[in-house]
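Just below is one structure, and these are the notes that go with it.
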Amino acid sequence: MRINLAKLEDIPKMQYIHKVFKEVGGPIFKYYIFLDYFKLHISKKTCFVIKEDNNIVGVLCLKKKKWYCEIESLAVQKRMRKKGVGKKLLNYTIKWCKNNSFKKIKLWSYKYFDARNFYLKNGFDELPFSYISNSYVFKKELDI
């Protein structure tokens, strides 16, 4: 498996993998499958895809803030879950953030996705509050 910056031609597959957000979050999460969402991240070079046999099996999009990054979305193709794809994307992103002098990564995840243990196992700390109901908020301090 290899990880690359997403390209415009990757968008249809990225939208397909992200459809889980629409199914779970309803209208609010339609944004995460819109063409403009991916075009914006591709233009800012903040969207990564992981491929297996030249097929996209996972996507991660970031938002750069002044001194930290926020993981806006991390989605893995259903058949590839629990096979280390998300972990590889996450590790790649952590390294990318360090190389770009960011001091922290933040994210939030709906409880529905059952990703709490995934982030805890990967060194993220759970914050004691969430600004969105039925969700977890995590952060990871980076040594740069």
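Quick notes
- Taking the alpha carbon gyration tensor of the stretch 1-142, multiplying each eigenvalue by 5 and rooting it gives semi-axes of 21, 18, 16 Å, largest first.
- Long-range amide H partners of Ser135 with built H, under 5 Å: Lys111
- Highest-fluctuation residue, Ser133, Ser73, Ser109 considered, GNM on the chain with Cα pairs under 10 Å: Ser133
- When +1 charges are put on Lys and Arg Cβ atoms and -1 charges on Asp and Glu Cβ atoms, the dipole computed for the chain relative to its Cα centre reaches about 200 debye.
- Listed from fewest to most Cβ neighbours within 10 Å, the set Met14, Met80, Met1 follows the order Met1, Met80, Met14.
- Taking label points 7 Å from Cα along the Cα-to-Cβ direction, Lys83 and Ser43 give a separation of 3.4 nm.
- Proxy reagent accessibility, fewest Cβ within 10 Å first, across Tyr16, Tyr37: Tyr16, Tyr37
- Taking 0.36 nm per residue of separation and subtracting the Cα-Cα distance, full extension of the segment from Tyr92 to Ile144 would add 17.2 nm.
- With neighbours defined as other Cβ atoms within 10 Å of a residue's Cβ, the residues Trp67, Trp96 order from fewest to most as Trp67, Trp96.
- Residue among Ile132, Ile71, Ile56 with the largest mean-square fluctuation in a Gaussian network model of the chain, springs linking Cα atoms under 10 Å: Ile132
- Residues whose amide H falls under 5 Å from that of Lys104, counting only those 5 or more places apart or on a different chain, are Cys69, Leu142, with hydrogens built in the peptide plane.
- Candidates Glu126, Glu70, Glu52: whichever shows maximal mean-square fluctuation once the chain is modelled as a Gaussian network with Cα springs under 10 Å: Glu52
Readers should treat all values here as calculations from the given coordinates under stated rules, not as data from a laboratory. Quick caveat: nothing in here was measured; it's all calculated off a predicted structure. With ideal geometry, Cβ positions are generated from the backbone for all residues, glycine too; neighbour counts draw on all protein chains shown.
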